[in-house]
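Colleague: The structure's right below; bear with me while I get my questions together.
The values are calculated or read from the model by the stated rules, or taken from the named source; none is laboratory data. The shown structure was predicted, so the numbers you read here are calculated from the model rather than taken from an experiment. Don't worry about glycine lacking a Cβ; one is built from the backbone with ideal geometry, like all the others, and counts go over all protein chains shown. Calculation scope for accessible area: heavy atoms of the full protein, side chains included, ligands and nucleic acids excluded. Shrake-Rupley method; radii C 1.70, N 1.55, O 1.52, S 1.80 Å.
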Amino acid sequence: PSVQKTVVTKTAGIGPINIIRTVAAGSVAAIVGINTYLSTTKTANVLNMGASAATTTVWNSVAGVYAPLNVLPQYAPDLSVICLGINDAILNASTATIIANLSAIITVAQTTGDVVLVVPNAVDTSITSTINQANMQSAI
């Protein structure tokens, strides 16, 4: 299995585009997104690849076809805004692990465009220690 990006060009305003999934028997095909635009109009497409409770370890993975590091190059964004780390802090992941994971994620994101790294906000100290949060934020 693999993730593939297909571009279809069509003259604006003339008829529909029919999409037919054709796969071998026993195979699976999934359409994960359709992006339409006019080539004469400037646009900015925003795709949210976020997932609740995601950690840098989940994102720094190539296990599986839909793993973030496998899919990100297919989307090929001009700008990636990365806001990860707070769930790592809540789970008391080591600062070294968070930094190593973020570095790998940033490296992949930079293959297609620029990167903005957002430092996570602090959370309630009853959830995770202030020290762990401060260490992570200063390291980032």
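Colleague: If you check Ala76, Ala44, Ala24, which single one turns out to be more than 19 Å from Asp114 (Cα to Cα) and not polar (S, T, N, Q)?
Modeller: Selected residue: Ala24, the only one of Ala76, Ala44, Ala24 that is more than 19 Å from Asp114 (Cα to Cα) and not polar (S, T, N, Q).
Colleague: So which pairs qualify, if the first residue must be in the range 90-114 and farther than 11 Å from Leu69 by Cα, the second must be open to solvent by 60 Å² or more (accessible area, probe 1.4 Å) and not in a helix (DSSP H, G or I), the Cβ gap must be under 6 Å, and the two must be at least 6 apart or on different chains?
Modeller: Going by the 6 Å Cβ cut-off, the qualifying pairs are Ile90/Ile127; Gly113/Asp78; Gly113/Leu79; Asp114/Leu79.
Colleague: Pull up the range 94-114, narrow it to residues that are open to solvent by 40 Å² or more (accessible area, probe 1.4 Å) and among the aliphatic types (A, V, I, L, M), then point me to the one that is modelled with the highest pLDDT.
Modeller: Result: Ala100.
Colleague: Checking the condition surrounded by 10 or more Cβ atoms within 10 Å (Cβ to Cβ), of a type outside the set (Val, Ile, Thr) and at pLDDT 75 or above, which residue from Ala29, Ala12 passes? It would help to see each step written out before you state the result.
Modeller: Details: Ala29 fails: at pLDDT 75 or above.
Exactly one residue qualifies, and that residue is Ala12.
Colleague: Here is a further query. Return the pairs, sorted by first residue and then second, in which the second residue is open to solvent by 80 Å² or more (accessible area, probe 1.4 Å) and modelled with pLDDT under 80, the first residue lies in the range 39-58 and is under 18 Å from Ser80 (Cα atoms), the beta carbons are less than 9 Å apart, and the residues are 6+ apart or on different chains.
Modeller: Thr43/Tyr37; Asn45/Asn35; Asn45/Tyr37; Leu47/Asn35
Colleague: If you don't mind, another one. Return the pair list, or none, for Cβ contacts closer than 6 Å from residues in the range 14-25 that are part of a loop (DSSP other than H, G, I, E, B) to residues that are surrounded by 10 or more Cβ atoms within 10 Å (Cβ to Cβ), at least 6 apart or on different chains.
Modeller: What qualifies is Ile17/Lys10; Arg21/Ala29; Val23/Ala29.
Colleague: Could you list, in sequence order, the residues of the range 90-101 that are polar (S, T, N, Q) and either over 30 Å from Ser126 (Cβ atoms) or not in a helix (DSSP H, G or I) (or both)? If you could, list the steps in order and put the result at the bottom.
Modeller: In the first step, residues of the range 90-101 are kept if they are polar (S, T, N, Q); the result is 92, 94-95, 97, 101.
Of everything in the range 90-101, those that are polar (S, T, N, Q) and either over 30 Å from Ser126 (Cβ atoms) or not in a helix (DSSP H, G or I) (or both) turn out to be Asn92, Ser94.
Colleague: Further question on the same structure: So how many residues does the range 59-89 have that are in contact (Cβ under 8 Å) with a residue 24 or more places away in the chain and in a loop (DSSP other than H, G, I, E, B)?
Modeller: So the count comes out to 9.
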